[in-house]
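Working notes for the structure below.
The values are calculated or read from the model by the stated rules, or taken from the named source; none is laboratory data. It should be emphasised that the depicted structure is a prediction, and the values quoted were computed from it without experimental measurement. As a convention, Cβ positions derive from the backbone with ideal geometry for all residues, glycine included, and neighbour counts pool all protein chains shown. Just so you know, the surface numbers come from the protein's heavy atoms only, side chains and all, with ligands and any DNA or RNA stripped out. Shrake-Rupley method; radii C 1.70, N 1.55, O 1.52, S 1.80 Å.
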Amino acid sequence: MNYSMIRYILCRVLEFEALFMSLPCLVGIVYREKSAVSFGAVMLVCFAVSLIGRRFKPKNKVFYAKEGFVTVSLSWIVLSLVSALPFYLSGEITSYTDALFETVSGLTTTGATILTDVEVLSRSAQFWRCFTHWIGGMGVLVLILAVLPLSGSYNMHLLRAESPGPRVGKLVPRVKTTAMILYGIYMGITLTGTISLMLAGLSVYDAITLSFSAVGTGGFGLLNSSVGSYSVAVQLVLTVLMFICGINFQVFYLLLIKKPKEAFASEELRYYFGIVFLSAVLITLNTRSLFDNAFDGFHHALLQVTSVITTTGFTSRDYNMWPEFSKTILFILSMLGACAGSTSGGFKISRFIITVRSIKNEVSYVIHPRSFKKIHMDGHVVESSVTKSVLVYAMIYIFIFLGSFLVLSLNNFDFTTNITAVAATFNNVGAGFGMVGPSGNYSAFSVLSKFVLMFDMLVGRLELLPILILLAPGTWKK
Amino acid sequence: MQIIVVGCGNVGATLAEQLSREGHNITVIDMKSDVVHNVSSNFDVMGIVGNGAGYSIQKNAGIDEADLLIAVTGSDELNLLCCLIAKKAGDCHTIARVRNPVYSREINFIKEELGLSMIINPEDAAALEIARVLKFPSAIKIDTFAKGRIELVKYKIEEGSSLCDQSLKSISAQMKCGVLICVVERGDEVFIPAGDFILRAKDEISVVGSVKNSVLFFKKLKVPTTRAKDAFIVGGGETAYYLACQLLSIGIDVKIVEKDKKRCSELSELLPQATLILGDGTDRNLLMEEGLPQAEAFVALTNFDEENIMLSLFAKSISKAKLITRVHRIAYDEIIEELDLGSVIYPKYLTAEMIIKYVRAMQNSIGSNIETLYRMSNDKVEILEFLVREECPVVGIPLVELNLKPNILLCSINHKGNIITPSGQSRIGVGDTVVLATTITGLQDIKDILV
């Protein structure tokens, strides 16, 4: 393990954290809020620590995949611990565990909250909550790779560890350029979203924060009713934003370089469109008695479906009241997640496709024991190593799910609450059913449960292995 | 620049690594997915699995925007086809590796007709390098500049040599023969020495100067300067063939040991003057019987690096022959250095050097300003020859008054065929070529030497 290299990159992460924190500090100053002081203080400390850390440049620059994974997960943990401080110092969230839960939920773009009333928060704190979604959506190390002149082979290891999906590839030969393109697209979408929301009638502040939340597919809102009390136009814009950010960013790149044919050749994308549309139609039909007209019903069904499949977690209606069939569809969609390489969480549609095809192959082996068949996706053969890792991913996913579910049952809440709390955090959705549904929150859980849920959120965002590798004793041997 | 490398073997991987380090955007193509995966995860390059001669694969790799395609797969025909298609598809520069002697003889025709920018033949290049060393066996390595007028000779200082524990200033005062010691390698360290630098035994020095002057220098040192009279070659591959051709033409006797009967008969057709021995070159008795102990030069060119190293070590123990060992694949340069095998030839570095020289020249809008490029001691030092094409801030000013970057040493100026070893009062003129040694990598033009 190259500890000095990891330390060096962590210091750079803190430097960026200081930069991030200057924004809510600014918001606090603009609105003359006391909490600006706590943001400013944490910002200065981060900056000082990073300055000291940067003075000692590592001599040994050996950096393997192992170091990449460890660096990414440690960065996320450090980032969470530090980002939680302003909430706690300003006294807006009284317990540090709760502040940490809120931050982890923000950075992992989950959107699960322990606050019973979000409207009492200061504007800078609300801004920070939504901004953490934006940071976490594309990932902080990807940003560092885009900005800093980190040369050498290790940047690929960092990119791979932080980006979601079974196969992480580059768009262009250089990691730095790839990261710049990703963030460019990300910022473009955010900017367009903010302007559209303003055109739809929101104030600048509301438009910026909500578009952070939607583009990062996070789900923190500014109101207790999430997005339920906004106008139809605003809700429509948010639906489109969430939907767009559930698409693999490679598609946008291909569109930008004018290769629409290749962009739309992605099977995952077609499945994504299909699943969203079909689910919305089914829910509209199922809930038609609850809405005045079909348009209204479809509008809310579509918003809810997009919100859940992209693992955002915005809610416009309390779907706890909806029929069981609709609720089950939403639950399944929340496990599924959107496309790989997007800002969404969950299992990812491409993994689902690969899993289904390997099942099909396995069945065909029984019928034709000597048959030889490879799994294809997007017109290419999926290598057996990828298939294997997808299947193992599925197994680990189930084990962690069940383990967390078991610990949560100690709270003695009802079955639905427990299982959907795990599903909502593990898949980075945020909103579940029962007590953690649209009108509820996570404040009632015990401290132990909260830590388990935080673990789930991090594991879900970083796609299992980076966090799990921290727990393996072999990682830390010299 | 956007560069596509087809073939991820030894040379392909070395190229991908070095070109990417020089700041180019590299895409590699190979048919084996594990090789591509390996290269793209170790270096900052993009990998594509497929046949590099395929139009759609090249499209996929971005041939439209590419500036250069380098084809270094194992097959000559595939390389040529890759370049041909790339030329038509993307209208970019193309470099192909062609090693079959049948094609090499017609190399200019192929190059012209297929519109290739450059054809490289690593075997031929390696043979050329070996032949140069055999002409002056006391040297570890000889490189040439200014169309052969300037020589860079790498020499290891022996115990008790008159150079030991002397400063460079006093050496040049004693010798008075117009050569310059431009690079000193001591263990892992490399120096671009100043006048007060003191040499030690076992240092490897690189001496630059005109051919006449460097011969004079080594004569004064009492180092034998006569060339080897015969060469004992083990392994009859392409390099052996090219080498034998060159050695025979300058009157060095050649003995080649080759175990494949078919190849032996081929070689005997091609090289009627050479002595061909059909047998296993690793057989101790055979080597003794064929007179290895009396040989003046021993060249190990089998296809196995380990075998070459073993053979050279054996030859070192029983003879006084000049040893030349070819190492293709293994990446333990520093261990091989420690074995003290004399000259070690790495064809993959030779090829990479040639291509990098071309790429740097391409980057210059005016055309090629780098005439020659050599790299030493794990690429820590570069020896470059620049052509001064036009008026620029270095022209016409005494060298003492130039504000040079640190770690640059001007070694030699070729002024209309006169080789000048520069002093403080020398001036550079338009049309001169300038040889310099530097630890700064990536110099593009003579102007870059100024602060």
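Residues in region B:16-35 that are more than 10 Å from chain A (Cβ to nearest Cβ) and under 13 Å from B:ILE4 (Cβ atoms): B:LEU19, B:ILE29, B:ASP30. Take the conditions (1) open to solvent by 30 Å² or more (accessible area, probe 1.4 Å); (2) within 11 Å of chain B (Cβ to nearest Cβ); (3) assigned to a helix (DSSP H, G or I); A:MET156 misses just one of them, which is (1). Residues that are more than 24 Å from the chain's Cα centre (by Cα) number at least 1 in the following strands (runs of 3 or more DSSP E) confined to region B:321-436: B:408-415, B:418-420.
Residues of region A:213-252 that are farther than 22 Å from A:THR108 by Cα and of a type outside the set (Val, Ile, Thr): A:GLY228, A:SER229, A:TYR230, A:SER231, A:ALA233, A:GLN235, A:LEU236, A:PHE252.
Restricting region A:446-478 to residues that are of a type in the set (Lys, Arg) and modelled with pLDDT of 90 or more, the residue that is surrounded by the most Cβ atoms within 10 Å (Cβ to Cβ) is A:ARG461. State yes or no: is A:GLY201 away from chain B (no Cβ under 13 Å) and under 22 Å from A:CYS339 (Cβ atoms)? So A:GLY201 does not fit the description; no.
Among the residues of region A:81-106, those that are touching a residue at least 60 places away in the same chain (Cβ under 8 Å), buried (at least 24 other Cβ atoms within 10 Å of the Cβ) and under 23 Å from A:GLY345 (Cα atoms) comprise A:SER83, A:PHE101, A:VAL104, A:SER105, A:GLY106. Pairs meeting the criteria (first residue in region A:115-128 and free of Cβ contacts under 8 Å to residues at least 40 places away in the same chain, second residue assigned to a helix (DSSP H, G or I) and of a type outside the set (Lys, Arg), beta carbons under 9 Å, at least 6 apart or on different chains) are A:LEU121/A:SER35; A:LEU121/A:PHE87.
If you go through region B:17-35 and keep only what is closer than 25 Å to B:ARG360 by Cα and either at pLDDT 90 or above or part of a strand (DSSP E or B) (or both), you end up with B:ASN25, B:ILE26, B:THR27, B:VAL28, B:ILE29, B:ASP30. Checking region B:77-89 against the condition returns a match, with at least one residue being in contact (Cβ under 8 Å) with a residue 12 or more places away in the chain and either within 14 Å of chain A (Cβ to nearest Cβ) or within 26 Å of B:ALA331 (Cα to Cα) (or both). Checking each residue in region B:180-197 for being in a loop (DSSP other than H, G, I, E, B) and open to solvent by less than 70 Å² (accessible area, probe 1.4 Å) picks out B:ILE192, B:PRO193, B:ALA194, B:GLY195, B:PHE197. Whether any residue in region A:347-360 is touching an Asp or Glu at 6+ places or on another chain (Cβ under 6 Å), surrounded by 16 or more Cβ atoms within 10 Å (Cβ to Cβ), in contact (Cβ under 8 Å) with a residue 40 or more places away in the chain and not hydrophobic (A, V, I, L, M, F, W, C) is what I want to check. The answer is yes; a qualifying residue exists.
Here the condition is being touching a residue at least 60 places away in the same chain (Cβ under 8 Å), over 27 Å from the mean Cα position of the chain (by Cα) and open to solvent by 20 Å² or more (accessible area, probe 1.4 Å); of A:TYR31, A:TYR3, A:TYR64, it holds for A:TYR31 alone.
Residues in region B:37-64 that are open to solvent by less than 40 Å² (accessible area, probe 1.4 Å), within 11 Å of chain A (Cβ to nearest Cβ) and of a type in the set (A, V, I, L, M, F, W, C): 5 in all. Inside region A:197-223, residues that are part of a loop (DSSP other than H, G, I, E, B) and surrounded by fewer than 17 Cβ atoms within 10 Å (Cβ to Cβ) make up a count of 3.
Residues of region B:164-200 being at pLDDT 85 or above and at positive phi, which ones? Across region B:164-200, the qualifying residue is only B:ASP165. One residue alone among A:PHE69, A:PHE131, A:PHE63 is in a helix (DSSP H, G or I) and farther than 21 Å from A:CYS25 by Cβ, and that residue is A:PHE69.
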